[in-house]
Structure formats: C-alpha cells, structure tokens
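Let me begin by presenting the structure, written as structure tokens, before commenting on it.
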Amino acid sequence: MRKKIAAGNWKMNLSAEEAQTLASEVVNMFQDEYTGDAEVIFSPSYPYLSLVHHLVKDNPKVHLAAQNIHQEEKGAYTGEVSAQMLTSIGCSHVLIGHSERRQYFAEDNQLLAKKIDIALKHGLKPVYCIGETLDQREAGETLNVNTTQLSEGAFHLDAEAFGDLVIAYEPVWAIGTGKTASPEQAQEVHKAIRDAIAAKYGAEVADNTTILYGGSVKPANAETLFSQPDIDGGLVGGASLKSRDFTDIIKAL
Ligand code: PEP
C-alpha cells in the first residue's frame with residue numbers, strides 16, 4: 001500500500017538553533033495532534049542532519065532526508081557528500097533532482113539516474129523530483145516533460161528497486177512563487193505519472209508508488225490538493241519552515 005507523506009524541504013535556510021527548534025516543535029505537535037497514518041520527512045541542509053536526527057530518531061514515522069547526494073562512492077570530490085556518509089548519520093531518504101538542482105547546477109536525467117543508483121545501493125530512499133517549467137506548460141509539453149524525466153531518471157531500475165522511490169511532481173512555475181497548480185492540474189499530471197509507471201512496471205507497482213505534489217503548498221490549499229485520488233502528500237518548501245503551518249499541512253493528510 002502506498003504511503004502518505006509530508007516532506008519539508010528547508011533548502012539553504014535556518015541557523016542550527018532554528019533548525020532544532022523547528023524540528024522539535026513539529027515532532028511535538030505531530031505527536032500531540034495527529035492520529036493518522038501519514039509519515040513526515042525533514043530535509044535540512046547537510047550541517048543540521050545530525051542535529052535533527054537526534055530529535056527524530058525515536059519516532060518511527062519521522063524520517064530524515066538530505067537535499068542532495070554525490071553520484072560516486074567516495075574520493076577526491078571536494079565539497080561533496082556521499083551516500084554512505086548520509087546513512088552513517090541517520091538519513092533514510094534523499095531528495096534527487098529538485099528543480100533548483102536541475103536549474104542552477106545543471107543536473108540532467110542521466111546524472112540523476114546515477115544518483116538514484118548510488119542512493120539505493122546504500123539503502124537510501126530517493127525522493128525523485130520532476131516537473132515542467134512555465135514555458136513547457138504553455139507549449140503543451142507538460143505530460144511529455146514529466147514522463148521523460150521519470151523514465152530517463154528512473155526506468156532503468158527493476159520493479160523491486162523502483163518500489164523504494166518516492167516521486168515528487170513539482171511544477172517549476174509553482175515552486176516558491178505562491179502560484180499553486182489547481183487540484184485538477186496537479187491530478188492530471190499525477191495520473192499521467194502513475195499511468196506511465198503502470199505501463200512500465202504494472203498496475204500493482206503503480207498503485208503502491210507514493211507521488212507527492214510540490215509547489216506552494218500551504219495549510220489553505222493542502223486539503224483540496226491531497227483529496228485528489230493520485231496525490232499522496234506534499235513536498236513543501238516555504239511552509240515547512242513554520243512549525244504551525246507544516247503541522248497543519250500534515251494534518252490535511
Ligand atoms: C520545494 O522546494 O520543493 C517547494 C515546493 O517549495 P515551495 O513549497 O516553497 O513552493
């Protein structure tokens with residue numbers, strides 16, 4: 001059965017003290033106020049992973065994700081972080097292919113496929129991000145762009161390995177802009193993603209794949225987005241930096 005997940009991508013924000021306060025506030029509110037079966041992922045920047053791990057390790061429904069990973073095992077890659085380093089400090093997940101990495105660091109589907117492989121090899125679950133730009137949407141290329149990013153980045157996996165992936169559909173034009181895809185726009189793409197997975201791996205794998213929506217999710221729009229049949233939760237940027245907002249988004253699941 002697929003999981004419902006609220007993932008918070010903190011990007012390059014917060015001090016160490018703020019990161020610890022945010023994580024402990026959300027964990028406390030989650031424990032006190034939420035009785036459902038959704039899971040939570042925090043994705044702080046590298047220096048805070050250990051600090052946050054310490055705060056979440058006793059809650060089996062709260063997980064830790066890095067925001068990026070290097071594609072090689074180890075070696076002379078100054079400034080980079082390996083899969084093994086991440087698992088050794090308690091990470092269970094890693095974001096791969098966030099649009100900011102695609103846009104600012106020129107990460108393409110071929111590179112991202114390698115990052116997915118090294119993550120899986122070390123037992124890290126990739127949250128593989130895909131999404132179209134505004135120009136691509138306006139040119140009518142939305143479904144094609146998303147299924148191409150999906151297939152080039154992840155369809156080299158066998159069905160068992162693919163089962164460890166979480167997919168995040170994040171229209172680039174909706175990330176950090178305050179513009180959200182309408183529930184119908186998001187559902188259309190989520191369904192196309194699930195159909196592509198079904199065509200490749202069969203209906204059971206597709207049905208079991210968690211597909212998150214990301215792009216200006218807030219407490220005010222979370223419930224209508226999450227009520228769509230193929231939207232299994234959210235990858236949340238800005239609103240995940242406020243404990244009350246992020247907890248309310250979790251509760252919308
Ligand atoms: C993101 O960073 O993945 C994201 C969706 O950001 P925001 O919620 O701020 O649009």
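The values are calculated or read from the model by the stated rules, or taken from the named source; none is laboratory data. Note that this is a predicted model, so its numbers are computed, not measured. Please note: Cβ atoms are built from the backbone with ideal geometry, for glycine as well, and neighbour counts cover all protein chains shown.
Only one entry in Thr148, Thr142, Thr177 is touching an Asp or Glu at 6+ places or on another chain (Cβ under 6 Å) and at negative phi, namely Thr142. Within the stretch 136-156, identify whether any single residue is assigned to a loop (DSSP other than H, G, I, E, B), modelled with pLDDT of 95 or more and within 16 Å of the ligand (Cβ to nearest atom), and answer yes or no. Checking the stretch 136-156: not a single residue is assigned to a loop (DSSP other than H, G, I, E, B), modelled with pLDDT of 95 or more and within 16 Å of the ligand (Cβ to nearest atom). Residues of the stretch 22-48 that are touching a residue at least 40 places away in the same chain (Cβ under 8 Å), surrounded by fewer than 21 Cβ atoms within 10 Å (Cβ to Cβ) and in contact with a Ser or Thr (Cβ under 9 Å, 6 or more places away or on another chain): Glu25, Met29, Glu33, Tyr34. Only a single item in (1) within 16 Å of the ligand (Cβ to nearest atom); (2) on the phi < 0 side of the Ramachandran plot; (3) not polar (S, T, N, Q) is not met by Gly97, and it is number (2).
Looking across the stretch 71-86 at every residue that is assigned to a helix (DSSP H, G or I) and over 17 Å from the mean Cα position of the chain (by Cα), the one that is farthest from His54 (Cα to Cα) is identified as Gln84.
So in the stretch 100-126, with the set limited to residues that are within 16 Å of the ligand (Cβ to nearest atom) and not in a loop (DSSP other than H, G, I, E, B), which one is nearest to the chain's Cα centre (by Cα)? Per the stated criteria, the residue is Pro126.
Checked against (1) surrounded by 22 or more Cβ atoms within 10 Å (Cβ to Cβ); (2) touching a strand residue (DSSP E or B) at 6+ places or on another chain (Cβ under 6 Å); (3) within 25 Å of Leu111 (Cβ to Cβ); (4) of a type outside the set (S, T, N, Q), Ile197 passes all but a single condition, namely (2). For the stretch 202-250, filtering for residues that are assigned to a helix (DSSP H, G or I), of a type in the set (Val, Ile, Thr) and farther than 24 Å from Thr148 by Cα leaves 4.
Would you check which residues across the stretch 58-70 are within 15 Å of the ligand (Cβ to nearest atom) and not in a strand (DSSP E or B) and list them? Walk me through it before giving the result.
If we filter the stretch 58-70 for residues that are within 15 Å of the ligand (Cβ to nearest atom), which is where we start, we get 65-68.
Selection gives Gln67, Asn68.
Scanning the stretch 118-156 for residues that are buried (at least 22 other Cβ atoms within 10 Å of the Cβ) and within 19 Å of Gly8 (Cα to Cα) yields a count of 7.
Is at least one residue of the stretch 157-177 more than 30 Å from Lys121 (Cβ to Cβ), surrounded by fewer than 16 Cβ atoms within 10 Å (Cβ to Cβ), within 12 Å of the ligand (Cβ to nearest atom) and not basic (Lys, Arg)? Within the stretch 157-177, one or more residues are more than 30 Å from Lys121 (Cβ to Cβ), surrounded by fewer than 16 Cβ atoms within 10 Å (Cβ to Cβ), within 12 Å of the ligand (Cβ to nearest atom) and not basic (Lys, Arg). Apart from one condition, Ala199 fits all of (1) more than 16 Å from the ligand (Cβ to nearest atom); (2) part of a loop (DSSP other than H, G, I, E, B); (3) among the hydrophobic types (A, V, I, L, M, F, W, C); the exception is (2).
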